[in-house]
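The values are calculated or read from the model by the stated rules, or taken from the named source; none is laboratory data. Since we're looking at a predicted model, the values are computed, not measured. FYI the Cβ positions are ideal-geometry reconstructions off the backbone, even for glycines, and counts take in every protein chain you see. When the accessible area is computed, the model is the full protein with side chains, heavy atoms only, and any ligands, DNA or RNA have been set aside. Shrake-Rupley method; radii C 1.70, N 1.55, O 1.52, S 1.80 Å.
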Amino acid sequence: MRYLMLVLSTPDAPADPGDVPTIENWVRDTYDTGRAIIGDRLRPPADAVGVQVRSGEVVVTDGPFTETKEVIAGFDILDAPDLDEAIRIAAAHPMAFTGALELRPFWPLDLDGAEA
């Protein structure tokens, strides 16, 4: 199963997070073993735009949609057999020690109705 792992920067990072693993080791251990497919950092929220269509018009807004103290700083797509393995992979990420991670399982669209 695939999981979207959101990497969050949080304002309540511990002053001394302890022995934080390096991102280089996490990338090597995760990507080199096929447990992650793609991932990257994201530009700051100030560079984001919102897109909506209202009454047939495209409305583009600057910045994030909501006021929040957490910022999505990056993402990875994990390929894990179950949630327990995805949690194990996430718990080894450096941002698990200094920020936060959110795992969301993919929910594929059933465009051909095979699961109806």
Considering only residues that are open to solvent by 60 Å² or more (accessible area, probe 1.4 Å), aliphatic (A, V, I, L, M) and without any contact (Cβ under 8 Å) to a residue 60 or more places away in the chain, look in region 22-41 and name the one that is farthest from Arg2 (Cα to Cα).
Val27
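Rundown of residues vs (1) surrounded by 15 or more Cβ atoms within 10 Å (Cβ to Cβ); (2) in a strand (DSSP E or B), yes/no style:
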{"position": "Ala46", "(1), (2)": "no, no"}
{"position": "Thr61", "(1), (2)": "no, yes"}
{"position": "Pro81", "(1), (2)": "no, no"}
{"position": "His93", "(1), (2)": "yes, no"}
{"position": "Arg104", "(1), (2)": "no, yes"}
{"position": "Leu109", "(1), (2)": "no, no"}
{"position": "Gly113", "(1), (2)": "no, no"}
Of the candidates Pro17, Pro11, the one satisfying the condition of being surrounded by 12 or more Cβ atoms within 10 Å (Cβ to Cβ) and closer than 30 Å to Ala92 by Cβ is Pro17
May I ask you to list the residues in region 14-41 that are within 16 Å of Glu102 (Cβ to Cβ) and of a type in the set (A, V, I, L, M)?
Ala36
Of all the residues that make up region 1-16, how many are in a loop (DSSP other than H, G, I, E, B) and either aromatic (Phe, Trp, Tyr) or within 15 Å of the chain's Cα centre (by Cα) (or both)?
1
